[in-house]
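Got a structure for you, written out below as structure tokens; questions coming shortly.
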Amino acid sequence: MAAILVYSEQADTALELVGAARGLAPQLGLTVSAAVLGAEAAGTAAAAAALAAHGAAPVYVCTEPALEGLDTAVVTQALAHIVEQAGASVVLLGSTRRGRELGGRLAQRLGAGCVTDAISLTVEDGLLVAGRYNLGGATVQRETIATPVQVVAVMPKIFEAGEPGGAGAGEAVVAVSAELAAPAVKVVDRRPKEGQAVDLAAAARIVGVGRGLAKRDDLPLTEALAAALGAELACTKSLADFGWMADDRIVGLSGAKTAPDMYLAVGISGQVQHTVGIAQARIIAVVNQDKDAPMFALADYGVVGDLYKLVPALVERLKTL
Ligand SMILES: Cc1cc2nc3c(=O)[nH]c(=O)nc-3n(C[C@H](O)[C@H](O)[C@H](O)COP(=O)(O)OP(=O)(O)OC[C@H]3O[C@@H](n4cnc5c(N)ncnc54)[C@H](O)[C@@H]3O)c2cc1C
């Protein structure tokens, strides 16, 4: 029987994809298998065991030395080999930075069609249908792939990993050996990201900042507000794309899913790709100069006005409490 093959270099994402595959497999008449790649047997064994426990059977494990660092070109070779061995007709990847690149490379190598950034997967008339945002998120486009092998990279945190179990829970792990060309890129140094890491998912209070902020130099204004509230500072994807704030400060579809007691949105319009990240917030407050900004529809409290006047006034007021 042909298979859905799941792979992501992120262990959590791989488990989510197995959860998705378990839902789709019976409708497509496919089985669920997974791949784990890496040069270290110890690290890969734990990941393979978790995937097997969640119902992937078998889990193909390749620990060739060339996979050190998971260079995407080398991962493509290994995965193409496993796709053939597994008889996979659907390949689900995580739509991470690496996963998006891998999707294109793998599809090209397999002569397959590819969809990246999928936000939904359904089966209609026996066909796998992938949804993805179009026109900057204003619409959702639904795509099917016509080639015999289909490669789909799915956004992280769309699907639940689900409980351990499933058709082949705990079944075989298959060791794969493949002749892999060495990476063309030599890694000479690895350094941790500069700046403090932040765990927005665990934050009790968050001040989110958006493009209402006119320039990077104005960030201290909102930092002062976050400090006065004892809150973490977060942002929309736009500010991270400008390089004003780190990617781990993004809230939303491409960033953190948060559940704070209070989320204060400053100069944020409230596009759905942002607000999915605050669906679990207990109280939502908004500062925006546009009274029609969609963010107000979600708000428990809101002030219509210029953040450059309101934020300093709010900080001064908080200092007196
Ligand atoms: C596939 C995909 C994934 C995405 N993922 C994410 C994600 O994870 N997170 C995310 O945030 N976005 C994401 N986006 C982008 C998202 O669609 C929006 O473009 C983005 O959230 C808008 O950011 P913003 O609210 O900062 O900017 P804008 O939409 O430009 O809104 C700025 C707001 O500031 C207000 N404003 C302007 N000046 C002032 C002032 N002086 N005082 C007060 N208010 C003012 C304006 O009235 C406006 O409402 C994604 C998009 C796509 C296509």
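Taken together, the values in this text are just the output of simple stated rules run on the coordinates, not laboratory data. All values reported here derive from a predicted model rather than from experimental measurement. Every residue, glycine among them, receives a Cβ derived from its backbone with ideal geometry; neighbour counts consider all protein chains shown.
Report ³J(HN,Hα) in whole Hz for each residue of segment 98-114, in order, from the Karplus equation J = 6.51 cos²θ - 1.76 cosθ + 1.60 where θ = phi - 60°; Gly and Pro get x.
5, x, 5, 5, 4, x, x, 5, 5, 4, 4, 5, 8, x, 10, x, 9
Roughly what % antiparallel, to the nearest 5, for the DSSP beta bridges in the chain?
Within the chain, antiparallel bridges account for around 20 percent of the total.
Sticking with this one: If you place +1 on the Cβ of every Lys and Arg, -1 on the Cβ of every Asp and Glu, and leave all else neutral, what size is the dipole of segment 128-250 about its Cα centre, to the nearest 20 Debye?
That gives a dipole near 360 debye.
How far apart, in nm, are two points set 7 Å out from the Cα along the Cα-to-Cβ line at Thr122 and at Ala39?
A separation of 4.5 nm, rounded to one decimal place.
Using 0.36 nm times the number of residues separating Gln280 and Gln141, minus their current alpha carbon distance, what extension gain do you get?
Difference between extended and current length: 47.4 nm.
What shape does segment 200-319 have by the C-alpha gyration tensor, where a ≥ b ≥ c are the square roots of the eigenvalues, rounded means a/c under 1.5, and otherwise prolate means a/b greater than b/c and oblate the rest?
rounded
Of Ile4, Ala172, Leu213, whose Cα points farthest to the positive end of the dipole of the chain (charges on the beta-carbon: +1 Lys, Arg; -1 Asp, Glu; origin at the Cα centre)?
About the Cα centre, the residue reaching furthest to the positive side is Leu213.
Still on this model: Contact order normalised by length for segment 200-319, with contacts defined as Cα pairs under 8 Å and 6 or more residues apart; what percent is it?
Worked out over segment 200-319, it gives 26 percent.
Checking the a/c ratio against 1.5 first, then a/b against b/c, what shape does the Cα gyration tensor give for segment 75-142?
oblate
So for the chain, taking the charge dipole from beta-carbon charges (+1 Lys/Arg, -1 Asp/Glu), which of Ala25, Thr116, Gly255 sits furthest toward the positive end?
My answer, from the dipole projection, is Gly255.
Read phi for every residue in segment 237-246 and hand back ³J(HN,Hα) as whole Hz from Karplus 6.51 cos²θ - 1.76 cosθ + 1.60, θ = phi - 60°, with x for Gly and Pro.
4, 4, 5, 5, 5, 6, x, 7, 9, 6
Between Ala2 and Leu221, what length in nm is gained on full extension when 0.36 nm per residue of separation is reduced by their alpha carbon distance?
73.2 nm
Answer with one residue from Val304, Ala204, Ile278: the one whose Cα lies farthest towards the positive end of the charge dipole of segment 187-311, charges on Cβ with Lys, Arg +1 and Asp, Glu -1.
Selected residue: Ile278.
Can you give me the angle between helix 307-319 and the longest principal axis of the chain, using Cα atoms only, in degrees from 0 to 90, rounded to the nearest 10?
Helix 307-319 sits roughly 80 degrees off the main axis of the chain.
OK, next. Can you list the aspartates and glutamates whose alpha carbon sits under 15 Å from that of Lys215, skipping same-chain ones fewer than 8 residues off?
Glu223, Asp241, Asp306
Right, another one. Between helix 72-86 and the chain, what is the angle of the helix's C-alpha long axis to the longest principal axis, kept within 0 to 90° and rounded to the nearest 10?
50
Please give the charge dipole size of segment 3-176, origin at the Cα centre, charges +1 on K and R Cβ atoms and -1 on D and E Cβ atoms. Round to the nearest 20 debye.
In debye, rounded to 20, segment 3-176 gives about 340.
Now, a different point. Using the alpha carbon gyration tensor of the chain, what are the three equivalent-ellipsoid semi-axes (square root of 5 times each eigenvalue), largest first, in whole Å?
41, 21, 17
For the pair Ala182 and Leu229, what calculated FRET efficiency results from E = 1/(1 + (r/R0)^6), where r is the Cβ-Cβ distance and R0 = 45 Å, to the nearest 0.05?
Efficiency at R0 = 45 Å is approximately 0.30.
Using the Kirkwood radius over Cα pairs, work out the Stokes-Einstein diffusion coefficient for segment 3-176 at 37 °C and 0.692 mPa s, in µm²/s as a whole number.
Result for D is 210 µm²/s.
Charges only on Cβ, +1 for Lys and Arg, -1 for Asp and Glu: so what's the dipole of the chain about the Cα centre, in debye to the nearest 20?
It comes to approximately 600 debye.
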